[in-house]
1. For the peptides 188-198, 173-183, 126-136, what is the packing order when you average, over each peptide's residues, the other Cβ atoms within 10 Å and list the highest mean first?
2. When the Cα atoms of region 24-141 are enclosed in a convex hull and the volume is divided per residue, what value in Å³ results?
3. On full extension of the chain, what length is gained from residue 44 through residue 143, given 0.36 nm per residue of separation minus the C-alpha to C-alpha distance?
4. Fully extended, how many nm does the chain gain between residue 167 and residue 33 (0.36 nm per residue separation, minus their Cα-Cα distance)?
5. Placing one identical point scatterer on every Cα of region 166-213 and ignoring solvent, what is log10 I(q)/I(0) from the Debye formula at q = 0.19, 0.20 Å⁻¹?
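Laboratory data are not the source of any read-out in this text; all were calculated from the coordinates shown. Small disclaimer: the values here were computed from a predicted structure and weren't measured. All Cβ positions, even for glycine, are placed from backbone atoms using ideal geometry, and neighbour counts span all protein chains on display.
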């Protein structure tokens, strides 16, 4: 009899301090990824249509509905995801050198092999749906919206020969030429990505597939 696959719990962690983590009581039954592409519109007098100029892509937004429940212990449910609320608050230890002001920490949403998303939190909505007789909330629906952050590569020792600049996690519907346009400004450079990643069939990209993106030769 085959071993049952261990359930991977979704979690949200501080990107710098993995010990500060919120493990979801229940894995999400849905989530949404939103990618915004900017087009600048220029209207021509007397024309029937506008001229569009590509203005660039924006960071992806990830929205996840989560359920937290403490009906078994009777404790205030907010305590079970307090670390999540803290990630949306200003961290005074992260001060800008110019303004001397702090900012919230980077965080990471992780769920097994499906998704690892480094981001900042832009919105948290708490909906309390069950209470004890004394008013203590014991069940809450928490919706979190993250905005993806592209982390700057660490400076490498001049003797380091690795050329990898960053990685790209493929999402459903993305094509190699589209990724090449986003990264290098020219869809024709899909050949470079295919060769770098030893892709036998460049058309057969899978959601969640990780691609290495290196500088053009």
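1. The packing order, highest mean first, is 173-183, 188-198, 126-136.
2. So the per-residue hull volume is 222 Å³.
3. So the extension gain works out to 31.4 nm.
4. The span from residue 167 to residue 33 would gain 46.4 nm if fully extended.
5. -0.50, -0.55
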